[in-house]
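This structure is in structure tokens; I'll ask about it shortly.
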Amino acid sequence: MDRWMGMLSLCRKAGKLRIGFEPVREAAEKGEARLVLYAADFSPRSRRRMENALAQCGAPPGSRTVEATMQEFARVCGKQAGVVAVADEGFAAGMEKLLCDQTKEEQNR
């Protein structure tokens, strides 16, 4: 988890991370969002609202639920949020790879 959280931090520092419901929705509407990440403890009701908003976009971005909590997102992002969007193709691809690798490692344990 540390590696992709580190990449999330770099993404924030590069100005390519949208944090929170409204910024994520706006990024998706503009076609900027490449990957949406949901915190593990993000409420199901809020997630449904977010997914409905994303579905209204022409081409909704990919999304994943990660093991990080909203509090862990806050440590990296600077404010508490249950959903973030990566607005850069390179960062999104790198995070997807790290998250897939992490899943494979966990399955092999």
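The values are calculated or read from the model by the stated rules, or taken from the named source; none is laboratory data. Just so you know, these numbers come straight off a predicted model, no measurement behind them. Using ideal geometry, Cβ is built from the backbone for each residue, glycine included, and neighbour counts are taken over all protein chains shown. What goes into the accessible areas is simple: the full protein's heavy atoms, side chains included, and nothing from ligands, DNA or RNA. Shrake-Rupley method; radii C 1.70, N 1.55, O 1.52, S 1.80 Å.
From the list Ala85, Ala74, exactly one residue is at pLDDT 95 or above and outside any loop (DSSP other than H, G, I, E, B). Which is it?
Ala85
For the stretch 15-54, name all the residues that are farther than 17 Å from Ala74 by Cβ and among the small types (Gly, Ala, Ser).
Once the filter is applied, which keeps residues that are farther than 17 Å from Ala74 by Cβ and among the small types (Gly, Ala, Ser), the stretch 15-54 yields Gly15, Ala27, Ala28, Gly31, Ala33, Ala53.
Restricting to the stretch 29-44, name every residue that is surrounded by fewer than 12 Cβ atoms within 10 Å (Cβ to Cβ) and either of a type in the set (Phe, Trp, Tyr) or closer than 25 Å to Gly90 by Cβ (or both).
Within the stretch 29-44, Lys30 is the sole residue that qualifies.
Tally up the residues in the stretch 45-65 that are open to solvent by 50 Å² or more (accessible area, probe 1.4 Å) and under 11 Å from Ala33 (Cβ atoms), please.
3
Which of (1) assigned to a loop (DSSP other than H, G, I, E, B); (2) touching a helix residue (DSSP H, G or I) at 6+ places or on another chain (Cβ under 9 Å); (3) modelled with pLDDT of 90 or more does Leu10 not meet, given it meets every other one?
(1)
So for the stretch 68-78 (the condition being surrounded by 12 or more Cβ atoms within 10 Å (Cβ to Cβ) and without any contact (Cβ under 8 Å) to a residue 12 or more places away in the chain), does at least one residue qualify?
The answer is yes, given that some residue of the stretch 68-78 is surrounded by 12 or more Cβ atoms within 10 Å (Cβ to Cβ) and without any contact (Cβ under 8 Å) to a residue 12 or more places away in the chain.
Same structure again: Check Asp41 against each of (1) in a helix (DSSP H, G or I); (2) out of contact with any Leu (no Cβ under 8 Å at 6 or more places or on another chain) and name the one condition it does not meet.
(1)
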